[in-house]
1. Are any residues in the range 37-94 β-branched (V, I, T) and either touching a helix residue (DSSP H, G or I) at 6+ places or on another chain (Cβ under 7 Å) or farther than 20 Å from G25 by Cβ (or both), and if so, which ones?
2. Is it the case that W24 is free of Cβ contacts under 8 Å to residues at least 24 places away in the same chain, assigned to a helix (DSSP H, G or I) and under 18 Å from the mean Cα position of the chain (by Cα)?
3. Are any of the residues in the range 58-80 within 20 Å of I3 (Cα to Cα), more than 17 Å from the chain's Cα centre (by Cα) and buried (at least 17 other Cβ atoms within 10 Å of the Cβ)?
4. Would you say E47 is surrounded by fewer than 18 Cβ atoms within 10 Å (Cβ to Cβ) and either within 9 Å of the chain's Cα centre (by Cα) or charged (D, E, K, R) (or both)?
5. Restrict the check to the range 10-30 and report whether at least one residue is more than 17 Å from V109 (Cα to Cα), of a type outside the set (F, W, Y), modelled with pLDDT of 95 or more and buried (at least 19 other Cβ atoms within 10 Å of the Cβ).
Amino acid sequence: MSIIGIHGWLSDVVVLYAALMGLWGLLNFAQRQGISEGYWWGLVIGELLILTQGSLGGLLWFQGHQPEQGIHLFYGVVAAVGIPAVYVGTRGREGRRESLAYGVAALVVALLAWLAAASAA
C-alpha cells in the first residue's frame with residue numbers, strides 16, 4: 001500500500017476512533033462518571049493516531065502531493081490540537097464535567113477529520 005493509501009485508510013480510522021471516544025465520553029457523563037484510566041489511554045491513542053496521520057500528510061506534502069483545498073490542512077491542525085486544548089482548559093481534572101468536555105471534543109475531532117478527508121480530493 002502506498003503512503004497515499006495509508007493516509008486515506010488512516011483517515012477513516014481516525015474518524016471512527018474519535019467518534020467512539022466521543023460517545024464513550026458522553027456515556028461517562030450520562031452515567032455520572034469521571035475520566036477513567038482506560039479513557040485517558042484511549043484519548044492518548046487517539047492523539048497518536050492523529051499525529052501519525054499528520055506526519056504522513058507532511059511526508060506527502062514534501063513529496064509534492066498537496067491537497068487541492070488548503071482548508072484540508074486547517075482541519076487537520078485543529079483536530080490535532082483539540083484534545084490537548086481540552087486538557088489545558090480543564091487543567092487535567094478528571095470529573096464528570098470533563099467527561100462531557102472530552103466527549104464533545106472527540107466528536108468535534110471526528111467531524112474535523114471527516115471534513116479533512118472530504119476536502120482532500
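1. Scanning the range 37-94 gives I50, T52, I71, V77, V78, I83, V86, T90.
2. When the stated conditions are applied, W24 does not pass them.
3. Yes: one or more hits.
4. no
5. The answer is yes; a qualifying residue exists.
The values are calculated or read from the model by the stated rules, or taken from the named source; none is laboratory data. Computed from a predicted model, the values in this text were never measured in an experiment. In this analysis, Cβ positions are derived from the backbone assuming ideal geometry, glycine residues included, and neighbour counts consider all displayed protein chains.
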